[in-house]
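K.L.:
Take a look at the following structure, please.
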Amino acid sequence: EAGVAQSPRYKIIEKRQSVAFWCNPISGHATLYWYQQILGQGPKLLIQFQNNGVVDDSQLPKDRFSAERLKGVDSTLKIQPAKLEDSAVYLCASSSGDRGNTDTQYFGPGTRLTVL
Amino acid sequence: GNSVTQMEGPVTLSEEAFLTINCTYTATGYPSLFWYVQYPGEGLQLLLKATKADDKGSNKGFEATYRKETTSFHLEKGSVQVSDSAVYFCALSDYTGNQFYFGTGTSLTVIP
C-alpha cells in the first residue's frame with residue numbers, strides 16, 4: 001500500500017513570494033491533515049479535512065495561508081505572501097476517518113520550506 | 001485548553017538501559033493518547049496508542065499506560081537498543097477527534 005505522498009520535498013523562496021505544497025493521501029482515507037513543524041517544536045495542526053469539507057482550521061493563519069481538497073482526494077496548501085517565520089517543515093497526514101479520536105494518522109515525508 | 005507537556009531532551013543512554021520519557025496532558029473529556037516516533041531521515045510514524053483510561057499501549061518493547069488520575073502517558077522500555085535512537089513525540093486527540101496536539105519531542109540517542 002502506497003503511503004502519503006508530498007511534493008516538493010524542499011523549497012526555498014524569498015519573503016513575499018508565494019508557494020504551494022501538494023499532498024496525496026493513502027487511498028481511501030477520508031481525513032487529511034496539514035501540520036506545520038518549526039525546528040525544535042512539535043507539529044502544529046493547521047487544518048483538517050473530512051472528505052472535501054473543512055473540519056477545523058482554527059490554527060490556520062487565513063490572511064496568508066489557504067488550503068483546498070477538491071474531490072476529497074489530494075490537497076494543496078498555499079502560502080501567499082510568505083514571511084520569514086513560515087520557514088518550517090509542512091507535514092501532510094491522512095487517516096481512515098471512521099474511528100473518531102482513536103484514528104491513527106499516517107504521515108508523509110514533509111516539505112521543508114526555507115524563506116529568505 | 002488542550003495541551004501536551006513532554007520531557008525535554010536530549011536523552012543519551014547506553015544500550016540495554018531503562019528508558020522513561022515523561023508526558024503529561026491537559027484535556028477536556030476523554031482524549032486518545034499517542035506516541036509517535038521519527039527515526040533519522042524518516043517521517044513520523046505511530047509507535048503506540050491508548051484510547052481510554054488504564055489502557056496500555058505497547059509496540060516494539062515500548063509501553064505506555066493512560067493514567068487519567070495523573071493525566072500522564074509516560075513512555076517506557078526496559079532495554080533500549082541503538083536502533084531506538086530517534087525523536088519521540090507524545091500526542092493527544094481530543095474527544096471530538098477534531099483537534100490534535102503534539103508535544104515538543106524528545107530526542108533519544110542510544111550509544112553502544
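K.L.:
Surrounded by fewer than 18 Cβ atoms within 10 Å (Cβ to Cβ), part of a loop (DSSP other than H, G, I, E, B) and of a type in the set (Asp, Glu) - does that describe any residue in the stretch A:66-81? It would help to see each step written out before you state the result.
P.N.:
If we filter the stretch A:66-81 for residues that are surrounded by fewer than 18 Cβ atoms within 10 Å (Cβ to Cβ), which is where we start, we get A:66, A:68, A:70-74, A:76, A:78, A:80-81.
Imposing the further condition that a residue be part of a loop (DSSP other than H, G, I, E, B) reduces the set to A:73-74, A:80-81.
If we keep only those that are of a type in the set (Asp, Glu) as well, we get A:74.
Checked against the condition, which is being surrounded by fewer than 18 Cβ atoms within 10 Å (Cβ to Cβ), part of a loop (DSSP other than H, G, I, E, B) and of a type in the set (Asp, Glu), the stretch A:66-81 yields at least one hit.
K.L.:
Which ones in the stretch B:89-104 are within 7 Å of chain A (Cβ to nearest Cβ) and either in a strand (DSSP E or B) or not small (Gly, Ala, Ser) (or both)?
P.N.:
Within the stretch B:89-104, B:PHE89, B:SER93, B:ASP94, B:TYR95, B:THR96, B:ASN98, B:GLN99, B:PHE100, B:PHE102, B:THR104 qualify.
K.L.:
Sort through A:TRP22, A:TRP34 and tell me the only one that's closer than 19 Å to B:GLY43 by Cα, open to solvent by less than 60 Å² (accessible area, probe 1.4 Å), in contact with a strand residue (DSSP E or B) (Cβ under 6 Å, 6 or more places away or on another chain) and assigned to a strand (DSSP E or B).
P.N.:
Answer to the check: A:TRP34.
K.L.:
Among (1) part of a loop (DSSP other than H, G, I, E, B); (2) out of contact with any Asp or Glu (no Cβ under 7 Å at 6 or more places or on another chain); (3) of a type in the set (Ser, Thr, Tyr), where does B:SER107 come up short?
P.N.:
(1)
K.L.:
Same structure again: So, in the stretch A:37-59, exactly how many residues are facing chain B (nearest Cβ under 7 Å), open to solvent by 30 Å² or more (accessible area, probe 1.4 Å) and in a loop (DSSP other than H, G, I, E, B)?
P.N.:
1
K.L.:
Looking only at residues in the stretch B:63-107 that are polar (S, T, N, Q) and open to solvent by less than 10 Å² (accessible area, probe 1.4 Å), which one is modelled with the lowest pLDDT?
P.N.:
By that ranking, first place goes to B:SER93.
K.L.:
A further question follows. What is the number of the single condition among (1) closer than 21 Å to B:GLY97 by Cα; (2) out of contact with any strand residue (DSSP E or B) (no Cβ under 8 Å at 6 or more places or on another chain) that A:PRO81 does not meet?
P.N.:
(1)
K.L.:
If only one of A:TYR106, A:TYR90, A:TYR10 is hydroxyl-bearing (Ser, Thr, Tyr) and within 10 Å of the chain's Cα centre (by Cα), which one is it?
P.N.:
A:TYR90
K.L.:
Could you list all residues from the stretch B:1-40 that are farther than 21 Å from B:VAL80 by Cα, of a type in the set (S, T, N, Q) and buried (at least 21 other Cβ atoms within 10 Å of the Cβ)?
P.N.:
Scanning the stretch B:1-40 gives a single hit, B:SER32.
K.L.:
I'd like the full set of residues that are open to solvent by less than 40 Å² (accessible area, probe 1.4 Å) and over 18 Å from B:SER3 (Cα atoms), limited to the stretch B:41-54.
P.N.:
B:GLY43, B:LEU44, B:LEU47, B:LEU48 - these are the residues of the stretch B:41-54 that are open to solvent by less than 40 Å² (accessible area, probe 1.4 Å) and over 18 Å from B:SER3 (Cα atoms).
K.L.:
Does the stretch B:11-33 contain at least one residue that is at negative phi, within 11 Å of another protein chain (Cβ to nearest Cβ), among the polar types (S, T, N, Q) and over 13 Å from the mean Cα position of the chain (by Cα)?
P.N.:
Scanning the stretch B:11-33, I find no residue that is at negative phi, within 11 Å of another protein chain (Cβ to nearest Cβ), among the polar types (S, T, N, Q) and over 13 Å from the mean Cα position of the chain (by Cα), so the answer is no.
K.L.:
Scan the stretch B:69-88 residue by residue and report those that are within 16 Å of B:THR5 (Cβ to Cβ) and in a loop (DSSP other than H, G, I, E, B).
P.N.:
Correct list: B:THR70, B:THR71, B:PHE73, B:HIS74.
The values are calculated or read from the model by the stated rules, or taken from the named source; none is laboratory data. On a predicted model such as this, the values are computed, not experimentally measured, just so you know. Don't worry about glycine lacking a Cβ; one is built from the backbone with ideal geometry, like all the others, and counts go over all protein chains shown. Please note that ligands, DNA and RNA were not included when accessible areas were found on the heavy atoms of the full protein model with its side chains. Shrake-Rupley method; radii C 1.70, N 1.55, O 1.52, S 1.80 Å.
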